[in-house]
Structures are given as C-alpha cells and as structure tokens.
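Student: Before we start, here is the structure in question, set down as structure tokens.
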Amino acid sequence: MLLADVVAASAQVAASRSRSAKAATIADLLRRAQVDEVEPVTAWLSGETGQGRLGVGWRTLASRMGPVAERPSLTVAAVVSTFTELATTSGAGSAARRDDVLNGLLAAATAEEKRFLVSLLTGELRQGALEGVVLDAVATAADVPAATVRRAFMLSGRLPETAATALTGGSAALDTVRLEVGRPVRPMLASPGSSLDAALADLGADVTVEFKLDGARVQVHKDGEDVRVWTRTLREITDGVPELVARVRALPCRTAVLDGETLALDDDGRPRAFQDTMSRFGSESGDESVLLSPFFFDLLHLDGLDLLDEPLRVRLDALAGLLAAPEHAALRMPGVRSPTPEQAAAVLDDALSGGHEGVVVKALDAPYAAGRRGKAWQKVKPVHTLDLVVLGAEWGYGRRTGSLSNIHLGARDPDGGEPVMVGKTFKGMTDELLAWQTRTFPDLARENPPWGVLLRPELVVEIAVDGAQRSTRYPGGVALRFARVLRYRPDKTAAEADTLHAVRTLLAP
C-alpha cells in the first residue's frame with residue numbers, strides 16, 4: 001500500500017462531518033491493507049506514529065520544507081522502516097544519521113504526503129480523537145460486532161494491535177484477548193452530574209457515594225513482588241512512585257489489579273495543591289519529600305479471578321476483603337454504600353470540608369466499562385468544571401502587556417474533527433501562570449498572528465464555569481459563562497477533553 005492511499009483517506013475523513021462516513025472511509029482503507037500494514041495504518045489514522053515519540057519537533061521539520069516529489073512512491077512499509085530507524089538511532093554520530101534519514105523520507109514525499117508526515121510527527125494530525133470512529137471502522141472492516149472490538153481494545157489498551165487481531169482472526173481471535181496482570185486496561189470514566197439529587201434520582205438507591213479527590217488517576221498491578229503503576233493515559237510511572245509500590249506490595253494477595261487515585265496530603269491530612277501531586281507524578285525532578293497517598297475504589301482482578309464483568313457490589317466486596325486489615329484500611333476510598341439521601345449529602349459535605357472536589361455516585365449493579373464515560377458513574381462537584389483544549393492566546397494589555405493572557409478554549413468534537421471553540425478567558429491566572437504560558441506557548445504555536453498565537457491543540461486546561469448560554473458567536477452555538485482557569489492538566493491529552501455535548505448540557509433549560 002502506498003502512503004498516498006493513507007493520506008487520501010485521512011483527507012477524506014478530515015473533510016467529512018459524518019461519523020458513519022468517516023468510519024466507512026477508514027474501513028475501506030483497512031480492507032485494502034496487507035496484514036503487516038494494518039497496525040501502522042491504524043496508528044497513523046489515530047494520530048500516532050506507532051513507535052512513540054521520535055524526537056522530531058516542529059522546528060526541525062520547518063527547516064526541511066524543500067523540494068517535493070512529483071509522484072507518490074513511498075510505501076507504508078518504507079515509512080514504517082524510516083520511523084523505526086529514527087526511534088532506534090542513538091550514540092555517536094546519531095544526529096547526523098537521523099538528519100539523513102529524515103531528509104530522505106521528506107525528499108521522497110509529495111506535497112500532500114509531506115504535510116501529512118509533518119503533522120503526524122509533530123502530533124498535530126487532527127485525527128487523534130478519532131478513536132471511537134476507528135474502532136467502528138475496524139468492526140466494519142473485519143465484519144465483527146463493534147462491542148467485541150471495543151472489549152478487546154479495552155483489555156489490550158492498544159488500538160493498532162486490536163485492529164490487526166480483528167482483521168486477521170475475527171471475533172474468535174478478539175475473544176481470546178483477556179485481562180493480563182502487568183498490562184494496563186483503559187480506565188472507566190465518570191460523566192458529570194448536575195447535582196447530587198439528580199445523580200441519585202437517575203441511578204436510584206442501589207449506589208455507592210464516594211469522595212472525588214483532587215488527585216491523579218492510577219492503575220496498579222501486583223504480580224507477586226512485582227508491582228507496576230500506570231496513569232489514566234496508560235503511561236507507566238512505577239519508578240517515580242516508590243511509596244505506592246511499597247503499599248501495594250504489602251497487600252495479602254498474589255495478583256491484583258487496583259484502580260484508584262493518588263494525591264499529596266499535608267500534615268493535617270488535607271490535599272496539597274494539585275501541582276504538588278503532579279510534580280511527583282513520574283517526575284525525576286520532583287520533591288521526593290512530598291509523599292503520595294493512594295486511595296483505591298475498584299478491584300479488577302484478584303488472585304487469578306477477573307472481576308471486570310462482575311457488578312460493582314461484587315468488586316467492592318472483594319476490595320473490602322483485600323483491605324480489611326487495619327494497616328491497609330487507609331487505602332480505601334471513603335464512601336457509603338446504599339446511602340439514604342441524608343447519608344449521601346453527609347458524604348458530600350465531608351468531602352468538601354476535607355478539601356476535596358466532591359463525590360462520585362456509582363451504580364452498584366454496573367460492570368467495569370473500561371474506556372467509556374457512561375452514566376453508571378457520575379461525578380458531582382459544587383462548581384461546574386470542564387477540561388478544555390487551549391486553541392490560542394492573546395497578548396495582554398495594561399499590567400499584562402508582554403504576557404500571553406486571554407486563552408481560547410475548545411471542546412472536543414466527539415466525531416474527531418477540530419476542537420470547537422466555546423469561549424475565552426483571562427480570569428483566574430496568577431502571575432506565575434502567565435509567565436508559564438508566555439514561555440511555553442510559542443513552542444506549541446501553529447501560527448503567530450499579530451494578536452497572539454494559535455496553538456496546536458495539545459494542552460488541556462481545567463475551567464470553572466457558571467454555566468453555558470446559546471450563542472451565535474462560536475461555531476458550536478454555545479458559549480461559556482464566567483469561565484475561569486483552575487489549573488492545567490498535564491495528566492490528560494486533548495483526546496480526553498470534554499466534548500461539545502458536555503458543554504451543551506450546561507445550557508439553562
């Protein structure tokens with residue numbers, strides 16, 4: 001298969017607003033791919049190289065915009081070989097060798113292919129949020145149920161491998177994919193709830209109400225003495241969190257897969273600033289005197305028994321048994337099962353008075369829907385918050401002259417298009433944050449208009465809002481009300497930002 005075939009499909013997908021049309025285009029491409037081409041093609045259409053970060057930045061590529069090939073000749077296999085060489089070349093003389101490899105690739109590309117490769121290598125290919133569409137396409141191309149593909153993906157965490165399994169072995173091969181201790185699964189996510197009363201009315205009395213911490217999501221696997229820790233994006237951070245490893249290694253089990261959150265607490269047991277937690281989150285330069293405390297709220301596997309498909313009440317019973325000893329009791333997320341409305345309100349009050357964000361209301365009869373943001377889990381906070389993509393920033397004026405201040409905010413298009421702008425804000429920014437934005441944003445710029453910068457949609461910022469209102473100013477027909485910056489979220493990618501639908505749910509009736 002030629003790279004030009006992938007580029008043409010990518011352009012067709014980007015030009016369409018129809019989810020089904022996007023999936024049909026990708027499915028057709030996957031059907032035409034050879035067995036060894038399915039994984040790289042799937043990775044590229046999902047916005048990934050397949051070899052991880054290749055150490056090739058925008059500035060490196062910007063200096064290589066020379067002549068282009070007149071006719072397409074690059075094959076998928078040739079590009080894979082080049083990417084692999086870029087990823088593995090190191091040592092003396094490696095810089096020159098990498099330059100030669102990169103120059104050779106770009107010189108062989110047509111103008112359209114070069115634009116595609118530059119976007120892919122810089123992480124700017126705006127199909128990175130097309131995960132759901134690609135999964136639908138894989139199901140169509142392999143003629144297997146979409147639910148079967150999604151489950152295999154949730155358990156493997158690797159979309160290209162899931163596509164190859166589906167295309168080569170069909171449903172039978174996908175059904176063999178199981179939870180493996182030592183291989184992270186995609187985390188189940190909570191949907192925003194408008195209020196505690198609304199969440200309880202929606203889910204009924206058969207629920208658990210637990211603290212919602214201002215921390216970072218972790219998934220921890222134990223296999224004997226071997227303990228490994230991953231983030232919500234499945235990035236391994238084991239070496240950076242030895243205190244979490246030690247706490248889980250001491251648990252009375254042979255194998256386990258735990259889901260929870262971790263955060264830094266002060267001497268009074270209250271949460272420290274989110275930045276303190278993130279400074280330790282896999283960072284070699286973090287302050288090791290800031291210890292992280294884990295709080296687990298789910299158990300997906302215990303001593304050879306997979307619990308993913310069991311209802312939450314069964315998983316919680318298993319978790320309670322695992323953490324029953326007094327020395328392990330503090331590892332359990334605080335909460336109450338099957339509470340009365342008054343008890344649920346008390347949990348929320350306790351969480352807020354303890355300095356936490358709010359609560360999560362969870363249906364006790366729900367299985368673990370990894371990678372999905374369903375209604376079975378609903379997070380309730382006293383203030384509406386949204387995780388949005390930073391699309392640009394304007395130069396400030398007055399005392400903010402010389403600083404990149406007013407940021408442009410975008411909600412994720414659930415069908416994989418460009419993020420949709422829903423507002424701007426300069427509120428809530430400290431002098432330290434303004435200085436950080438001014439230092440950081442130029443390196444992420446895709447354009448530099450006189451008024452500021454337009455950014456590659458990579459950064460996620462958590463915004464507090466008073467609601468939303470209908471508006472003709474922005475293409476999504478909705479605008480944020482009184483938006484203010486709470487913090488940036490380095491633990492989240494743009495593909496995990498809130499969708500335009502989430503913003504629209506805040507519209508007044």
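Student: Ignoring ligands, DNA and RNA, what percent of the accessible area of the range 269-376 is carbon or sulfur (1.4 Å)?
Tutor: Carbon plus sulfur share of accessible area: 52 percent.
Student: Put +1 on the Cβ of every Lys and Arg and -1 on every Asp and Glu Cβ in the chain; which of G402, A23, T499 then has its Cα farthest towards the positive end of the dipole?
Tutor: Checked the options; the winner is G402.
Student: Along the Cα→Cβ direction, 7 angstrom out, place labels at L486 and R71. What is the inter-label distance in nm?
Tutor: 5.7 nm
Student: Would you kindly state how much longer the chain becomes between A146 and D197 on full extension, computed as 0.36 nm times their sequence separation minus their alpha carbon distance, in nm to one decimal?
Tutor: Computed gain between A146 and D197 is 14.9 nm.
Student: Which ³J(HN,Hα) values in Hz, rounded to whole numbers, follow from the phi angles of the range 335-341 under the Karplus curve 6.51 cos²θ - 1.76 cosθ + 1.60, where θ = phi - 60° and Gly and Pro get x?
Tutor: Each residue's phi maps through the Karplus curve to give x, 9, 8, 6, x, 6, x Hz.
Student: Using 0.36 nm times the number of residues separating A96 and R31, minus their current alpha carbon distance, what extension gain do you get?
Tutor: 19.6 nm
Student: A follow-up question, please. Compute the long axis of helix 159-175 from its Cα atoms, compare it with the longest principal axis of the Cα atoms of the chain, and write down the angle in degrees, 0 to 90, nearest 10.
Tutor: Roughly 70 degrees, rounded to the nearest 10.
Student: Now, a different point. In whole Å, what is the distance between the alpha-carbon centres of the range 221-248 and the range 111-162?
Tutor: 27 Å
Student: Roughly what % of DSSP beta bridges within the chain run antiparallel, to the nearest 5?
Tutor: Beta bridges within the chain, antiparallel portion: roughly 90 percent.
Student: Moving on to the next point. Assuming R0 = 30 Å, what is the FRET efficiency of E180 and A324, from their Cβ-Cβ distance, to the nearest 0.05?
Tutor: 0.70
Student: Using only Cα atoms, find the angle between the long axis of helix 111-121 and the longest principal axis of the chain, and express it within 0 to 90 degrees, rounded to the nearest 10.
Tutor: Relative to the chain, helix 111-121 is tipped by roughly 30 degrees.
Student: Still on this structure, I have one more. With every protein chain left in place and a probe of 1.4 Å, what is the accessible surface of L86, to the nearest 10 Å²?
Tutor: 0 Å²
Student: Follow-up. Based on C-alpha coordinates, I'd like the Rg and Dmax of the range 393-505, in Å.
Tutor: In order Rg, Dmax, the Cα atoms of the range 393-505 give 13.7, 41 Å.
Student: Apply the Karplus parameterisation 6.51 cos²θ - 1.76 cosθ + 1.60, with θ equal to phi minus 60°, to every residue of the range 450-462 and state each ³J(HN,Hα) to the nearest whole Hz, in sequence, with x for glycine and proline.
Tutor: After applying 6.51 cos²θ - 1.76 cosθ + 1.60, I find x, 7, x, 9, 9, 9, 5, x, 10, 7, 10, 10, 8 Hz.
Student: So how do 25-34, 324-333, 158-167 stack up, highest first, on mean other-Cβ count within 10 Å?
Tutor: Sorting 25-34, 324-333, 158-167 by mean packing, highest first, produces 158-167, 25-34, 324-333.
Student: Too long at a 29 Å Cα-Cα cut-off: which of K22/K222; K381/K427; K212/K492?
Tutor: Distance filter (> 29 Å) returns K22/K222.
Student: Exactly which chymotrypsin sites (Phe, Trp or Tyr not before Pro) in the range 353-431 are in a DSSP loop and have at most 15 other Cβ atoms within 10 Å?
Tutor: Y397
Student: With just the Cα atoms defining each centre, how far is the range 370-387 from the range 193-208? Give it in Å.
Tutor: Their Cα centres are 12 Å away from one another.
Student: Nearest 10 degrees, 0 to 90: what angle lies between the long axis of helix 312-322 and the longest principal axis of the chain (Cα atoms)?
Tutor: The answer is roughly 70 degrees.
Student: Hey, what number do you get for the chain at 222 nm if only DSSP H runs of n ≥ 4 count, each worth -39500 (n - 2.57), divided across all residues, to the nearest 500?
Tutor: The helix contribution divided over the chain gives -10500 deg cm²/dmol.
The values are calculated or read from the model by the stated rules, or taken from the named source; none is laboratory data. Given the structure is predicted, the values throughout are model-derived calculations rather than measurements. So basically every Cβ, Gly included, is an ideal-geometry build from the backbone, and we count neighbours across all protein chains shown. The accessibility values were calculated without ligands, DNA or RNA, using every heavy atom of the protein model including side chains. Shrake-Rupley method; radii C 1.70, N 1.55, O 1.52, S 1.80 Å.
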